[in-house]
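See below for the structure under consideration.
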Amino acid sequence: MAIKFQFLEAGSGDSIFISTEKTNVLIDGGTSSNCKNLIKICKREKKFFDIVILTHYDDDYIGGILGLLKNQKSESNIFIKEVWANSYDETIKPEIDSNETSITQQNKLLQLMANLKHKVNFKNNFSVDNQRHFKHQDLKFILLSPNNKKLTSAKYEIEKYEKDNLTANIIQTYSKDYKKSILELQDIEFVEDKSVPNGSSIAFILVYKEKNYLFLGDAHISLIVDELKKLHNKFHNFEFIKLSHHGSKHNITKEFIQLTTTKNYVILTDGKRHVHPDKETLSKILVHRNNKNDKINFIVNYKHMLNHNNFDDNDKKKYNFEVICQNEHP
């Protein structure tokens with residue numbers, strides 16, 4: 001058995017199950033509705049998650065993990081052995097009492113971890129300024145985000161919860177900029193994501209048997225670029241890149257695109273909230289990527305997202321790409 005990735009259908013959030021001969025890893029848990037899927041995986045594999053990496057505390061990343069921890073009640077019912085996460089100041093109270101504020105979600109996790117302190121190991125304070133390299137069995141992790149500045153900001157600033165203007169039961173067919181052409185979108189000025197929780201997102205390169213995979217969570221792309229440059233071109237070619245923030249236009253730059261090379265870009269979302277991915281993101285990749293002679297794939301994990309950005313056959317032929325629905329890799 002080699003390495004296998006499962007891109008779970010986890011609503012508007014991320015949830016990725018990684019399995020090798022020696023290790024099972026879960027990156028994020030998606031929304032709370034994804035908990036049942038995660039329990040099924042544990043029972044089907046007859047194993048637990050050796051590591052759960054919570055990249056940040058947005059509700060569509062942590063919900064499934066909170067559900068797993070709530071169900072971990074006995075030695076015979078173990079789903080998680082170890083959690084990797086960062087935490088803010090748990091004494092801070094959210095300005096709005098909502099289950100979808102990052103502080104509320106964090107406090108729930110910390111309480112569950114305290115209740116399970118003899119059953120689940122908790123690793124905290126991940127920062128590139130503290131430690132970059134981690135190893136577990138046959139997997140290596142090279143941290144790219146956050147740094148101490150991003151982490152400190154997250155501890156003392158609270159992102160207000162803003163109610164979505166999209167209802168959860170409506171499937172969004174198209175991105176907000178789907179009517180524009182690739183040429184119209186290729187050089188629009190970049191405005192970076194300002195979300196504090198997103199900036200604290202854990203992002204890393206995963207190394208398995210000399211193959212590299214890039215997981216960006218919702219990280220700020222300027223920090224990712226800075227940290228990749230410090231690696232001196234050693235880790236710029238990837239089997240796939242899991243795009244930051246579901247392909248948001250605020251988390252991609254021309255510099256990042258030209259600094260990295262891959263044939264596969266992974267975009268995980270059902271498109272219901274915030275209508276990601278932006279066509280601008282994919283257009284910039286198509287125009288500015290280094291490997292234009294290689295056919296590339298934009299991989300989505302919901303079939304209804306195949307036409308989300310309204311690319312036609314001429315676009316796909318001219319820019320040498322496909323949009324495919326794929327729940328496993330390879």
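The values are calculated or read from the model by the stated rules, or taken from the named source; none is laboratory data. Keep in mind it's a predicted model, so treat the numbers as computed, not measured. FYI the Cβ positions are ideal-geometry reconstructions off the backbone, even for glycines, and counts take in every protein chain you see. Heads up: the accessible areas ignore ligands, DNA and RNA and are worked out on the full protein's heavy atoms, side chains in. Shrake-Rupley method; radii C 1.70, N 1.55, O 1.52, S 1.80 Å.
What do you reckon, is His246 closer than 21 Å to Ile18 by Cβ and not aromatic (Phe, Trp, Tyr)? Yes, satisfied.
Taking into account only those residues within segment 67-78 that are open to solvent by 10 Å² or more (accessible area, probe 1.4 Å) and modelled with pLDDT of 85 or more, which is nearest to the chain's Cα centre (by Cα)? Working first, answer last.
From segment 67-78, those open to solvent by 10 Å² or more (accessible area, probe 1.4 Å) are 67, 70-71, 73-78; that's our starting set.
Add one more test, that the residue is modelled with pLDDT of 85 or more, and what stays is 67, 70-71.
Values: Gly67: 19, Lys70: 23, Asn71: 24 Å.
Among them, the one singled out is Gly67.
Of all positions in segment 90-97, none carries a residue that is open to solvent by 30 Å² or more (accessible area, probe 1.4 Å) and at pLDDT 85 or above.
Collect the residues in segment 192-238 that are part of a helix (DSSP H, G or I) and among the hydroxyl-bearing types (Ser, Thr, Tyr), keeping them in residue-number order. Show your work before the answer.
As a first pass, look at segment 192-238 and keep what is part of a helix (DSSP H, G or I): 196-199, 221-230.
Once the filter is applied, which keeps residues that are part of a helix (DSSP H, G or I) and among the hydroxyl-bearing types (Ser, Thr, Tyr), segment 192-238 yields only Ser222.
Only one of the numbered conditions (1) open to solvent by 30 Å² or more (accessible area, probe 1.4 Å); (2) over 21 Å from Phe190 (Cα atoms) is not met by Phe240, and that is (1). Is it true that some residue in segment 232-244 is touching a helix residue (DSSP H, G or I) at 6+ places or on another chain (Cβ under 6 Å), at pLDDT 95 or above, more than 21 Å from Asp59 (Cβ to Cβ) and not charged (D, E, K, R)? No - not one qualifying residue is present in segment 232-244.
For Ser201, state whether it is of a type in the set (S, T, N, Q), open to solvent by less than 10 Å² (accessible area, probe 1.4 Å) and out of contact with any helix residue (DSSP H, G or I) (no Cβ under 6 Å at 6 or more places or on another chain).
Details: of a type in the set (S, T, N, Q): yes; open to solvent by less than 10 Å² (accessible area, probe 1.4 Å): yes; out of contact with any helix residue (DSSP H, G or I) (no Cβ under 6 Å at 6 or more places or on another chain): yes.
Taking the combined requirement at face value, the residue satisfies it.
Residues in segment 171-191 that are of a type in the set (D, E, K, R) and in a loop (DSSP other than H, G, I, E, B) were compared, and the one that is least open to solvent (accessible area, probe 1.4 Å) is Asp177.
Residue by residue, here is whether (1) over 19 Å from the mean Cα position of the chain (by Cα); (2) within 19 Å of His133 (Cα to Cα); (3) open to solvent by less than 40 Å² (accessible area, probe 1.4 Å) holds:
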site	(1), (2), (3)
Ile27	no, yes, yes
Asn34	no, no, yes
Leu38	no, no, yes
Arg44	yes, no, no
Gly63	no, no, yes
